[in-house]
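Only one structure is covered here, and it is reproduced in the block below.
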Amino acid sequence: MDEKYEIRFKKNSLNKIFKNLFSDEKKEQFCIILAKREQVNKLVILKEIEICYPKQSEILSSSLTHISIKKDFIYKILLDLDKRVDVDTLVEIHTHPFLESNSKVSFSSIDDEDEKNFKEYLKENYPKTSYASLVFSNNSYKGRIYLDEKIEEIEIKEWNITKEIQDPKYLDIYNRNIDYMGIDNLKKIFSTEKISIVGVGGLGSVVAEHLINMGFNNLVLIDNDIVEYSNLNRLVGAKYKDAEDKRLKVEVLKEHLLSINPFLNIKAINSDIKSDEALNEVLESNKVFLTTDNHSSRAFVNDFCLRYFIPFISIGVNISVKNGIVSDISGEVIKIFPGEKFCLRCLGRVKQINIDYENIKSEEIKEKILKRGYITQHKDPAVKTLNTILASLAVDSYINEFTNYNRESSILVYENNKIPTIYEDNMSIKNRKKDCFICNL
Ligand SMILES: [Zn+2]
Ligand SMILES: [Zn+2]
């Protein structure tokens, strides 16, 4: 298989670019995206790092069918790009506003000629810089990237076309959801969203069931654990016999979800998050739910998703008991988008000492660290009532990205100390460690 090329944007960025480039529908418009190239196996991702629009004074002339930009605008960008390490690719975007709304956009022969010349110029003067281009009409796009020997097509990750729901049974199942989220949103989540759930224990299994009950139908379940008797107090879909037979959590959950709706598209991956199989699914996902309870997998997913521009939702719960008395019942939902300037590391939600501890193989050393008191190894309580509240908050907050019913919150906290409360935590973001090397690049 050949490589696949994709461009990925920061949160809401593509919408803004569209608005700007079609602000005047009678004129062709232009901008440049400075991007960073990342490759995993056969997938090459261009991440949007910065957008440059020409100022009015830098546009020589423009009409419905052409735009001409002062050379200086491009030269300045190229000089800058040559000095930077965070970007390595220049992506040109221009529009064809003259197209009828039902025809698909394509590059013109003038585009071909101009781009070919520009590629030659880059090759001679800025050989380190990769070059790609996109052309937009108001409802379609075409993209290509110039490689040494060839030109390859490039796709926009967020460009998902909503499909009609063909099966009337599907609409029957979700009939009572329609007025809650709107039929167009239901179609969108049905046809465009692929979701990976990392960890399908007491939190992840509830998230999965919530998602399919809300109408999402394309799920990837990732976990390498088996069902144990001590899970049966909270694992959705798990039965006594599953613990007796030591069945895989992902298999048990998949079976359960399909018994609710046999038309679902569910993939069960029985492996660690770091396996190739799991990572390839995560790379293709539109959203990742992070529902494991150990620091090293949480840190790994955090770093991976930020690097490859995959939005994710982290859910955590906490029940602390001191001297036999419950001292805290709480949980939080954290939403992180590509290009956002905070992550689980700088928010202090994953701790290096815990990651190191989890990675130590020698029991002797583990013992020593425990004795020093940096880490406690005692298993906290885990209960379904708390888990379901947090899973509900997280899934509702995801649905809100489509309905926009509520204001977006990056961190939602639930506390059940004396009186149940839900609040938005902006302080954590304000007080985060500002020099984070994961999200601040
Ligand atoms: Zn053109
Ligand atoms: Zn960070």
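The values are calculated or read from the model by the stated rules, or taken from the named source; none is laboratory data. None of the values given here were measured: they were computed from a predicted structure. Cβ sites come from the backbone with ideal geometry, for glycine too, and all protein chains shown count toward neighbours.
Inspect region 407-418 for any residue being more than 16 Å from ligand 1 (Cβ to nearest atom), assigned by TED's automatic domain parsing to the domain that holds Leu219, loosely packed, with under 11 Cβ neighbours inside 10 Å and at pLDDT below 90 and give the result as yes or no.
The answer is no, given that none of the residues of region 407-418 is more than 16 Å from ligand 1 (Cβ to nearest atom), assigned by TED's automatic domain parsing to the domain that holds Leu219, loosely packed, with under 11 Cβ neighbours inside 10 Å and at pLDDT below 90.
Quick check: anything in region 220-240 surrounded by fewer than 18 Cβ atoms within 10 Å (Cβ to Cβ) and among the aromatic types (Phe, Trp, Tyr)?
Yes, region 220-240 contains a residue that is surrounded by fewer than 18 Cβ atoms within 10 Å (Cβ to Cβ) and among the aromatic types (Phe, Trp, Tyr).
Can you find a residue in region 128-135 that is over 23 Å from Lys76 (Cβ atoms), loosely packed, with under 15 Cβ neighbours inside 10 Å and without any contact (Cβ under 8 Å) to a residue 60 or more places away in the chain?
no
Right, Ala208: buried (at least 24 other Cβ atoms within 10 Å of the Cβ), among the aliphatic types (A, V, I, L, M) and not in a loop (DSSP other than H, G, I, E, B) or not?
yes
Identify, by number, the condition in (1) closer than 30 Å to Ile178 by Cα; (2) among the small types (Gly, Ala, Ser); (3) more than 26 Å from the chain's Cα centre (by Cα) that Ser397 doesn't meet.
Only one criterion is unmet by Ser397, namely (3).
Yes/no matrix, rows are residues, columns are (1) surrounded by fewer than 19 Cβ atoms within 10 Å (Cβ to Cβ); (2) in a strand (DSSP E or B); (3) without any contact (Cβ under 8 Å) to a residue 24 or more places away in the chain:
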{"residue": "Asp2", "(1), (2), (3)": "yes, no, no"}
{"residue": "Tyr5", "(1), (2), (3)": "no, yes, no"}
{"residue": "Lys16", "(1), (2), (3)": "yes, no, yes"}
{"residue": "Asn20", "(1), (2), (3)": "yes, no, no"}
{"residue": "Ser23", "(1), (2), (3)": "yes, no, yes"}
{"residue": "Ile33", "(1), (2), (3)": "no, yes, no"}
{"residue": "Arg37", "(1), (2), (3)": "yes, yes, no"}
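Any residue at all in region 348-364 that is modelled with pLDDT of 95 or more and in contact with a helix residue (DSSP H, G or I) (Cβ under 6 Å, 6 or more places away or on another chain)?
The answer is no; no qualifying residue exists.
Identify, from the list Ile315, Ile319, Ile329, Ile334, the residue that is within 16 Å of ligand 2 (Cβ to nearest atom), in contact (Cβ under 8 Å) with a residue 40 or more places away in the chain and either β-branched (Val, Ile, Thr) or under 21 Å from Asn416 (Cβ atoms) (or both).
Ile334
Run down Ile165, Ile178, Ile154 and say which single residue is among the aliphatic types (A, V, I, L, M) and farther than 28 Å from Ile310 by Cβ.
Ile178
Assigned to a loop (DSSP other than H, G, I, E, B), in contact with a Ser or Thr (Cβ under 8 Å, 6 or more places away or on another chain), touching a residue at least 12 places away in the same chain (Cβ under 8 Å) and more than 16 Å from ligand 2 (Cβ to nearest atom): is that true of Ser397 in this structure?
For Ser397, the condition - assigned to a loop (DSSP other than H, G, I, E, B), in contact with a Ser or Thr (Cβ under 8 Å, 6 or more places away or on another chain), touching a residue at least 12 places away in the same chain (Cβ under 8 Å) and more than 16 Å from ligand 2 (Cβ to nearest atom) - is not met.
So which residues in region 400-418 are part of a strand (DSSP E or B) and more than 23 Å from Thr292 (Cα to Cα)?
Of everything in region 400-418, just one residue is part of a strand (DSSP E or B) and more than 23 Å from Thr292 (Cα to Cα), namely Asn417.
Show me the strands (runs of 3 or more DSSP E) entirely contained within region 105-158 in which 2 or more residues are closer than 17 Å to Ile17 by Cα, modelled with pLDDT of 95 or more and within 13 Å of ligand 1 (Cβ to nearest atom).
130-136, 141-146
Only one residue in Phe309, Phe263 is in a loop (DSSP other than H, G, I, E, B), modelled with pLDDT under 95 and in the same structural domain as Ile334 (by TED's automatic domain parsing), so which one is that?
Result: Phe263 is the single residue among Phe309, Phe263 that is in a loop (DSSP other than H, G, I, E, B), modelled with pLDDT under 95 and in the same structural domain as Ile334 (by TED's automatic domain parsing).
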